[in-house]
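Written below as structure tokens is the structure these notes are about.
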Number of protein chains: 2
Amino acid sequence: MIDVASQIREMATRARQAARAMASAPPAPKRDALLRLAQALTDSWSEVAEANRADLEEAAAAGLSRAKLDRLRLDERTRDDLVEGLRQVAHMPDPVGEIESLSVRPNGLRVGRMRVPLGVIGMVYEARPGATVEASSLAVKAGNAILLRGGKEALRSNRTLVELFRRSLKQTGLPEDAVQLVPHTDRQAVVEMCRLVGYLDVLIPRGGEELIRFVQEHARMPVLAHARGVNHLYVDEGADLEMAVRIAVNAKAQRPATCNALEKVLVHQTVAPDLLPLLARAMAEARVELRGCARTREHLPHIRPATEADWEAEYLDLVLAVKVVDSMDEALAHIARYGSNHTEAIVTRDHARALRFLREVDASLVLVNASTRFNDGFQLGLGAEIGISTSKLHAYGPMGVRELTTTKFVALGDGQVRT
Amino acid sequence: MIDVASQIREMATRARQAARAMASAPPAPKRDALLRLAQALTDSWSEVAEANRADLEEAAAAGLSRAKLDRLRLDERTRDDLVEGLRQVAHMPDPVGEIESLSVRPNGLRVGRMRVPLGVIGMVYEARPGATVEASSLAVKAGNAILLRGGKEALRSNRTLVELFRRSLKQTGLPEDAVQLVPHTDRQAVVEMCRLVGYLDVLIPRGGEELIRFVQEHARMPVLAHARGVNHLYVDEGADLEMAVRIAVNAKAQRPATCNALEKVLVHQTVAPDLLPLLARAMAEARVELRGCARTREHLPHIRPATEADWEAEYLDLVLAVKVVDSMDEALAHIARYGSNHTEAIVTRDHARALRFLREVDASLVLVNASTRFNDGFQLGLGAEIGISTSKLHAYGPMGVRELTTTKFVALGDGQVRT
């Protein structure tokens with residue numbers, strides 16, 4: 001019998017050693033390892049595809065849902081996206097060693113902050129094997145080591161991808177153990193990851209609410225996690241109504257099961273009479289079911305009434321709740337009460353109200369006149385993301401290379417002592 | 001009987017409401033509230049002094065140690081330091097609303113990061129009542145609310161200081177509940193603070209190791225805490241030996257009980273014969289006991305041998321362990337193994353080795369040719385500090401105004417949707 005706990009601890013020890021070497025690695029080999037992996041994915045895709053086929057067959061036989069099989073599948077489009085993402089991350093500026101403004105203290109001491117890697121990152125995730133490459137490439141670019149514990153269904157795919165990554169690291173003279181995959185996919189492996197205080201500097205859970213809550217409860221090191229996305233679009237007095245409808249349909253229907261999908265629309269009373277019929281027509285075409293407050297139903301009497309549970313719900317489905325508000329103040333209060341600090345948007349033509357919304361709404365991404373679907377590392381220009389954080393400490397929003405670093409203080413003196 | 005749990009929860013609810021108002025407060029009233037408090041401390045010092053006298057009498061009667069009574073005492077020098085600190089923090093630039101570089105995505109979406117308050121800060125601390133003013137002023141400047149649970153001995157002093165602060169907030173039109181003191185000083189109050197998930201965005205424990213560990217174990221929200229300071233000074237080949245001795249004596253003896261005091265000296269073998277006698281003489285004058293490795297004792301045969309426990313110890317006393325190393329590599333490996341990521345320093349004349357030490361040593365402050373005693377928010381130019389973090393997430397090193405904020409993403413569009 002394999003002792004899971006000691007095996008994982010042994011891997012974590014090797015990750016720590018690798019992290020020390022990674023932290024002092026210059027930019028070139030880190031960049032080259034990512035470019036080599038991009039090339040390897042292109043050249044050796046048949047290996048990956050074969051492993052993925054075996055995973056898919058087993059998952060299908062086990063009766064996995066269509067949606068889950070889709071997430072598990074690595075097709076050529078996924079490959080092209082991964083290769084493109086790797087190249088983008090490879091060519092981003094290396095953040096490690098960067099010193100923000102060195103200021104001079106009255107005693108002549110020069111004080112600055114130097115950007116440094118976090119150390120060892122743990123990630124516990126489900127299904128989508130593309131995340132293996134995205135997370136590892138960000139970790140490596142930022143000079144970290146990463147210990148991955150992926151889902152059961154993707155084990156063969158993940159193993160093959162990690163093997164290719166480790167080969168690329170080795171070929172560029174970096175420690176292979178900077179990227180390791182835990183071979184155990186049961187819950188005990190998650191428990192053991194949660195216990196690795198002193199080995200992991202941060203633990204990132206990605207997956208369903210249940211997994212995330214489990215990690216938050218059990219982890220003894222800092223956790224970066226995302227909560228639900230109960231996301232609102234507020235359509236302001238005087239807004240461009242066609243723009244509002246276009247954004248609402250995109251935000252709701254383009255991929256309704258994602259955490260950045262729209263769940264509620266708040267409508268200023270002055271635009272309700274004109275907006276609501278337009279919105280209802282467009283949503284019907286997109287097969288979205290509307291539910292409304294009493295004032296919404298004055299204009300759209302055929303829709304189902306929205307209850308308290310609707311204002312709290314993250315549907316992740318083609319359902320949208322609509323509420324008419326008296327004022328922007330009421331919209332802001334509603335968002336403060338029911339929002340989940342994920343993604344919030346306003347459609348407005350008014351400059352002062354746009355700025356007020358940006359300032360006062362507390363969410364990881366606040367948008368003016370754009371779709372909530374942009375809350376994504378790639379879309380916001382981070383190259384890729386290792387997840388979206390909805391807690392405020394360390395990272396708030398999509399986490400890219402910079403979020404996998406920290407800053408330490410540095411001070412340059414010529415003999416200063418304290419008096 | 002008072003229900004401690006529901007009373008604290010009620011205070012936290014008011015803190016959350018206050019935090020929403022604080023988050024959208026413009027810079028002027030926040031600055032003015034701090035300046036008013038500075039004035040109030042000057043004008044109404046007799047109130048504070050009287051409360052402090054009562055605390056001191058009770059503590060003396062209860063047999064508190066001399067050192068603890070000293071920490072509890074608020075004299076006129078403390079007052080002047082607090083007033084000066086308040087003025088400095090008041091006049092620092094307001095970080096809230098600052099947007100870092102707005103970049104334009106290919107679709108025309110403008111994406112940036114806006115600095116925003118954390119929300120509600122919880123602080124659990126012992127003894128020193130000056131911390132009440134320092135922590136609250138940083139929290140207010142950064143647009144947060146703070147819920148304080150201070151030590152039993154300082155209850156009257158803390159209550160008076162918080163009362164003055166709340167009056168200053170009220171006079172400038174800010175919510176008084178942005179600064180609140182929990183009136184319970186027993187352990188149960190700490191437990192209740194640890195349970196305030198959804199109310200407190202972060203919990204900061206300050207005090208002895210036991211309190212910090214208790215909070216880390218029990219808190220269900222992010223914790224920012226400091227660990228021990230097992231701090232080293234590495235004296236490099238070719239270093240200025242007089243500078244090395246001056247720095248070592250200051251770092252060790254100026255205030256040996258602080259977490260940024262020096263605990264170990266690592267000496268390059270080439271400078272050991274000249275440095276060690278100088279160091280021994282200076283430390284003897286400063287009444288510091290030396291302990292040494294075998295090679296150190298070849299030069300200083302009269303000192304006590306250092307054991308494994310010495311390399312691990314945080315003495316917080318007039319004791320210093322000394323080790324001769326073959327090379328800078330050995331010094332770096334020793335620091336990586338025994339250091340506690342707090343404060344590490346090198347004395348060197350060599351530019352490349354200075355930069356290598358800065359880059360490779362993993363500590364919240366890394367110094368070249370200066371005393372470890374500079375690891376302090378005031379000394380590093382933050383105005384004041386709410387504590388020193390030795391974990392890497394969010395803050396690493398002294399935490400000032402900026403560390404009590406985070407950034408959210410903002411995106412400005414003109415109708416962008418995802419394709």
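The values are calculated or read from the model by the stated rules, or taken from the named source; none is laboratory data. If you're wondering where the values come from, they're calculated on a predicted model, not measured in any experiment. Here the Cβ positions follow ideal geometry from the backbone for every residue, glycine too, while neighbour counts run over all protein chains shown.
Examine region B:150-158 for a residue that is away from chain A (no Cβ under 14 Å), free of Cβ contacts under 8 Å to residues at least 40 places away in the same chain, part of a helix (DSSP H, G or I) and surrounded by 23 or more Cβ atoms within 10 Å (Cβ to Cβ), and state whether such a residue exists. Yes. Taking the criterion of being surrounded by 15 or more Cβ atoms within 10 Å (Cβ to Cβ) and either of a type in the set (Val, Ile, Thr) or free of Cβ contacts under 8 Å to residues at least 40 places away in the same chain (or both), the residues of region B:1-23 that qualify are B:Val4, B:Ile8, B:Arg20. Counting residues in region A:318-329 that are within 11 Å of chain B (Cβ to nearest Cβ) and buried (at least 19 other Cβ atoms within 10 Å of the Cβ) gives zero.
Which condition number does B:Leu393 fail, the rest of (1) within 8 Å of another protein chain (Cβ to nearest Cβ); (2) touching a helix residue (DSSP H, G or I) at 6+ places or on another chain (Cβ under 9 Å); (3) crowded, with 19+ Cβ neighbours inside 10 Å; (4) modelled with pLDDT under 95 being met? So the condition that B:Leu393 fails would be (2). From the list B:Leu266, B:Leu276, the one residue that fits, being under 22 Å from B:Asp326 (Cβ atoms), in a helix (DSSP H, G or I) and away from chain A (no Cβ under 14 Å), is B:Leu276. Within region A:106-123, residues that are under 8 Å from A:Thr405 (Cα atoms) reach partners that are small (Gly, Ala, Ser) and buried (at least 24 other Cβ atoms within 10 Å of the Cβ) with beta carbons closer than 8 Å, at six or more positions or on different chains, in the pairs A:Val116/A:Gly143; A:Pro117/A:Ala19; A:Pro117/A:Ala142; A:Pro117/A:Gly143; A:Leu118/A:Ala142. Output yes when any residue across region A:187-197 is within 12 Å of another protein chain (Cβ to nearest Cβ), touching a helix residue (DSSP H, G or I) at 6+ places or on another chain (Cβ under 6 Å) and in a helix (DSSP H, G or I), and no when none is. Checked against the condition, which is being within 12 Å of another protein chain (Cβ to nearest Cβ), touching a helix residue (DSSP H, G or I) at 6+ places or on another chain (Cβ under 6 Å) and in a helix (DSSP H, G or I), region A:187-197 yields no hits at all. Out of A:Ala38, A:Ala54, one residue alone is outside any loop (DSSP other than H, G, I, E, B), exposed (fewer than 15 other Cβ atoms within 10 Å of the Cβ) and either among the β-branched types (Val, Ile, Thr) or in contact (Cβ under 8 Å) with a residue 12 or more places away in the chain (or both). It is A:Ala54.
Based on what the data block shows, is A:Asn231 out of contact with any strand residue (DSSP E or B) (no Cβ under 8 Å at 6 or more places or on another chain) and closer than 30 Å to A:Arg295 by Cβ? Here the answer is no, as A:Asn231 does not meet what is asked.
Among the residues of region A:198-227, those that are assigned to a loop (DSSP other than H, G, I, E, B), more than 13 Å from every other protein chain (Cβ to nearest Cβ) and surrounded by 20 or more Cβ atoms within 10 Å (Cβ to Cβ) comprise A:Tyr199, A:His226. Restricting attention to region B:228-248 and to residues that are outside any loop (DSSP other than H, G, I, E, B) and among the β-branched types (Val, Ile, Thr), the residue that is surrounded by the most Cβ atoms within 10 Å (Cβ to Cβ) turns out to be B:Val235. Of all the numbered requirements in (1) under 20 Å from A:Pro117 (Cβ atoms); (2) more than 24 Å from the chain's Cα centre (by Cα), A:Gln171 misses one, and that requirement is (1). Scanning region B:400-415 for residues that are in contact with a Phe, Trp or Tyr (Cβ under 7 Å, 6 or more places away or on another chain) and either surrounded by fewer than 24 Cβ atoms within 10 Å (Cβ to Cβ) or more than 7 Å from every other protein chain (Cβ to nearest Cβ) (or both) gives B:Thr407, B:Lys408. Quick one: in region B:376-386, which of the residues that are more than 7 Å from chain A (Cβ to nearest Cβ) and in contact with a Gly (Cβ under 8 Å, 6 or more places away or on another chain) is modelled with the lowest pLDDT? Per the criteria, the residue is B:Gly383. Evaluate the following for B:Leu155: is it touching a Ser or Thr at 6+ places or on another chain (Cβ under 9 Å), modelled with pLDDT of 95 or more and under 19 Å from B:Val48 (Cα atoms)? Judged against the criteria, B:Leu155 is a match. Of all residues in region A:23-43, those being among the acidic types (Asp, Glu) and within 14 Å of another protein chain (Cβ to nearest Cβ) number 0.
Residues are listed down the side, and each one gets a yes or a no for (1) touching a residue at least 40 places away in the same chain (Cβ under 8 Å); (2) more than 8 Å from every other protein chain (Cβ to nearest Cβ); (3) small (Gly, Ala, Ser); (4) under 30 Å from A:Ala239 (Cβ atoms):
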{"residue": "B:Leu358", "(1), (2), (3), (4)": "no, no, no, no"}
{"residue": "B:Ala370", "(1), (2), (3), (4)": "yes, no, yes, no"}
{"residue": "B:Phe374", "(1), (2), (3), (4)": "yes, no, no, no"}
{"residue": "B:Ser389", "(1), (2), (3), (4)": "yes, yes, yes, no"}
{"residue": "B:Pro398", "(1), (2), (3), (4)": "no, no, no, no"}
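The residues in region B:147-193 that are among the polar types (S, T, N, Q) and over 30 Å from B:Glu217 (Cβ atoms) can be counted, and the count is 4. If you filter region B:337-349 down to residues that are in contact with a helix residue (DSSP H, G or I) (Cβ under 6 Å, 6 or more places away or on another chain) and either within 9 Å of chain A (Cβ to nearest Cβ) or hydroxyl-bearing (Ser, Thr, Tyr) (or both), you find that the one that is farthest from B:Trp311 (Cα to Cα) is B:Thr348. Screening the candidates A:Ala313, A:Ala352 for the property of being surrounded by fewer than 24 Cβ atoms within 10 Å (Cβ to Cβ), more than 9 Å from every other protein chain (Cβ to nearest Cβ) and without any contact (Cβ under 8 Å) to a residue 12 or more places away in the chain yields one hit, A:Ala352.
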